[in-house]
Amino acid sequence: MRMYDIIDCKKRGLALTKEEIDFVVQGYTKGDIPDYQVSALLMAIYFQGMSLEETACLTMAMASSGDQIDLSPIQGIKVDKHSTGGVGDKTTIVLAPLVAAAGAKVAKMSGRGLGHTGGTIDKLESFEGFKVELTEEQFFENVNAHHIAVVGQSGDLAPADKKLYALRDVTATVDNMSLIASSIMSKKIASGADAICLDVKCGTGAFMKKLEDAKALGKAMVDIGNHVGRQTMAVVSDMNQPLGYAVGNALEVMEAINTLRGKGPEDLTLLTITLASHMLMLAGLAKDVEAAKNQIQDLLSTGAAIDKLKEWIKLQGGDERAVDDFSYLPQAPYHRDFCLNQIGYVEAINAEAVGKAALVLGAGRETKESSIDLAVGIVIHKKIGDKINVDEPVATIYYNNEQKYNLATSILEKAYKISDQQIEKPDLIYDIIH
């Protein structure tokens, strides 16, 4: 088998075989195939596309290029959720205990964030003492006995994807649907879950800015998952403004706790109930979505979800007192209201700009080596469709440094667009894909 022939085959629009795809992925991961040949193949794929069969083969080849997590010691169907990422996206902290309280097995590996704010693992470290690393035995025992464990990604999951993504990034081949979908799904498949619920974000604060692209990505990932024997579905949701009100690690944890108490923002609550109900369906714990939603709402209203959160935090060594008393969470030394000095209705909020403002405050990482300040961030008070008056704050900024505060305010000022006409609130859920 020659790399030249594989490139030529795809250049002419022909389908690659599983053996050819395995040859490329294995050879490139080992360093036997040079960058320039893989670059040529990626560009051929970019223009000629890949079939579902090819995309599934590429996904599995990347998933098997490194460690694959064996979750078979955990009884029952293991469900996982993945979000394509956005601003204020704290859904895992709400979803994991909620779904676990309903009886589903949540065995999840999450990453640290590189960007606006921390990832789920960073946010969980807002609970003092929370262990993001567990032994394999502890992990399995927690899920079997308590239905929940969330840890940092360990081992070497899908190293081929890391190497291929780095090459795509410098060869203008990132934005190909098959390559994006296989990249995301390779890590999910390697993580070992039986069923996968995907939250595909769309809008200014998401990777996919256009709705048609977000729907296409959702369908591509669902097709891959189902094709390789993992029950998979996707929810396409709005990210044209931050999810909920809080943007920043400990601030988002507080909002997640309030949501589990049934007192969370309307959009975060709706998205949580939607995702959770589909996760229960995937786990075989509800006869239909309506029954699943009723079950989820009962768990929120009875306090069972908040009890499961406390149990989970304690299980992983964290201080569960923070669930009832936010003073046990990291606190920023300063906070100040932010006003726009305008009258009107919020027409648009650039979610990405809000994320950048949180990043300059120290809530996120610009590089892998950056440290995160878990306490800082922004709490939005006015969202699309809301009315504002001249002296009414649109947000509160939590900060530790005056210079960072000034930088954040200069970014926030440009994030809002105000209209003198009443604005309709946007839809949150665009599509559900099975």
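Taking the Cα centre of the chain as reference, the dipole from Cβ charges on Lys and Arg (+1) and Asp and Glu (-1) amounts to some 340 debye.
Would you work out if region 298-413 is rounded, prolate or oblate? Take a ≥ b ≥ c from the square roots of the eigenvalues of the alpha-carbon gyration tensor; rounded if a/c is under 1.5, else prolate when a/b is larger than b/c, oblate otherwise.
Working: a/c = 2.31, a/b = 1.43, b/c = 1.61.
It is oblate, given that a/c is not under 1.5 and a/b is not larger than b/c.
In this view, the solvent-accessible surface of H278, computed with a 1.4 Å probe and all protein chains in place, comes to about 10 Å². Per-residue Karplus couplings for region 166-171, computed as 6.51 cos²θ - 1.76 cosθ + 1.60 with θ equal to phi - 60°, are listed in order as 4, 6, 4, 4, 9, 10 Hz, Gly and Pro entered as x.
Look at the alpha carbon pairs under 8 Å that are at least 6 residues apart: their mean separation over the length of the chain gives a relative contact order of 19 percent.
For L428, no residue whose modelled amide H falls within less than 5 Å of its own remains once neighbours fewer than 5 places apart on the same chain are excluded. Taking the inverse of the mean reciprocal distance over all distinct Cα pairs, the Kirkwood hydrodynamic radius of the chain comes to 22.5 Å. Under the criterion of Cα pairs below 8 Å and six or more residues apart, the relative contact order for region 251-389 equals 20 percent.
Say a paramagnetic label sat at a point 7 Å from the Cα of D156, along Cα to Cβ; which residues of region 67-107 have their backbone N under 16 Å from it? Under cut-off, by backbone N: 67-69. Residue by residue, region 121-135 carries 3J(HN,Hα) couplings of 5, 4, 4, 5, 6, 5, 7, 4, x, 4, 8, 8, 10, 10, 5 Hz when phi is fed to the Karplus relation 6.51 cos²θ - 1.76 cosθ + 1.60 (θ = phi - 60°); x denotes Gly or Pro. About its Cα centre, region 80-128 has a charge dipole of approximately 160 debye under the convention of +1 per Lys or Arg Cβ and -1 per Asp or Glu Cβ, with nothing else charged.
GNM on the chain, alpha-carbon springs under 10 angstrom: the most fluctuating residue among G13, G362, G225 is G13.
Extending 7 Å from Cα along the Cβ direction at T135 and again at K425 yields two label points whose distance is 4.9 nm. Of E19, E369, the residue with the largest accessible area leads and the full order is E369, E19 (1.4 Å probe). Label-to-label distance, Y328 versus E212, with points set 7 angstrom from Cα along the beta-carbon direction: 5.2 nm.
Between S371 and D391, the C-beta separation translates, for a Förster distance of 30 Å, into a calculated FRET efficiency of about 0.25. Database remark: amide H of Q316 closer than 5 angstrom to no amide H (H placed geometrically; neighbours at sequence offset of 5 or more, or on other chains; Pro and chain starts carry no H). When a/c reaches 1.5 or more, the comparison of a/b and b/c decides; with that in mind, is region 1-78 rounded, prolate or oblate per its Cα gyration tensor? Because a/c hits 1.5 or more and a/b exceeds b/c, region 1-78 counts as prolate. Applying the Karplus relation 6.51 cos²θ - 1.76 cosθ + 1.60 with θ = phi - 60° to region 23-36 yields 3J(HN,Hα) values of 4, 5, 5, 5, x, 6, 4, 6, x, 7, 10, x, 3, 5 Hz, where x marks Gly and Pro. Of all accessible surface on region 365-427 at a 1.4 Å probe, what whole percent is carbon and sulfur? Exposed carbon and sulfur together represent 42 percent of the surface. The H on the amide N of G344, modeled in the peptide plane, is under 5 Å from the matching H of I388, each at least 5 residues off or on a different chain.
Does region 91-134 classify as rounded, prolate or oblate by the C-alpha gyration tensor (a ≥ b ≥ c root eigenvalues; a/c under 1.5 gives rounded; else a/b over b/c gives prolate, otherwise oblate)?
Prolate.
Extension gain, E347 to H434: 0.36 nm times the residue separation minus the Cα-Cα distance gives 28.1 nm. Solvent exposure of Y165, expressed as accessible area, is near 90 Å², computed with a probe of 1.4 Å over the protein chains only.
With the simple spin-label model, which puts each label point 7 Å out from Cα in the Cβ direction, the D288 to D35 separation comes to 5.6 nm.
The values are calculated or read from the model by the stated rules, or taken from the named source; none is laboratory data. Values in this document were obtained by computation on a predicted structure and should not be read as measured data. So basically every Cβ, Gly included, is an ideal-geometry build from the backbone, and we count neighbours across all protein chains shown. Surface areas here come from the heavy atoms of the whole protein model, side chains and all, with no ligands, DNA or RNA. Shrake-Rupley method; radii C 1.70, N 1.55, O 1.52, S 1.80 Å.
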